[in-house]
């Protein structure tokens, strides 16, 4: 469940703030240490869901369903990748989670 939240939070930020180009997304993922091949696979999966992600701007449930399906497909895909890619991807998602929490945390009084 936590992994799902992380992926949803990460991609929700991307979808609502700025939908990166395939090149931007791939550059960010490879910059985190994921191989070019694994990053290309993730971007390819994301491309299948782009229109559904866009629907999430007006239909929260549709967006949630798209993110869940995307997350599930990426998780299955990453299980087929090298241990190094899995580790780098996990660290990438953790970093995105931390960034998201920092932007959306409530300051203490």
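Quick look at the values:
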item	result
Residue list for segment 38-53, filter: in contact (Cβ under 8 Å) with a residue 40 or more places away in the chain and either touching a strand residue (DSSP E or B) at 6+ places or on another chain (Cβ under 6 Å) or exposed (fewer than 13 other Cβ atoms within 10 Å of the Cβ) (or both)	none
Residue in segment 76-84 that is closer than 22 Å to residue 23 by Cα, assigned to a helix (DSSP H, G or I) and in contact with a helix residue (DSSP H, G or I) (Cβ under 7 Å, 6 or more places away or on another chain) present	yes
Some residue of segment 14-23 being modelled with pLDDT of 85 or more, over 13 Å from residue 93 (Cβ atoms), in a helix (DSSP H, G or I) and under 13 Å from the mean Cα position of the chain (by Cα)	yes
Condition met for residue 56 (more than 13 Å from the chain's Cα centre (by Cα) and buried (at least 17 other Cβ atoms within 10 Å of the Cβ))	yes
Those residues of segment 59-72 which are under 12 Å from the mean Cα position of the chain (by Cα) and touching a residue at least 40 places away in the same chain (Cβ under 8 Å), in sequence order	67, 68, 70, 71
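The values are calculated or read from the model by the stated rules, or taken from the named source; none is laboratory data. Keep in mind that what you see is a predicted model, and the values were worked out from it rather than measured. As a convention, Cβ positions derive from the backbone with ideal geometry for all residues, glycine included, and neighbour counts pool all protein chains shown.
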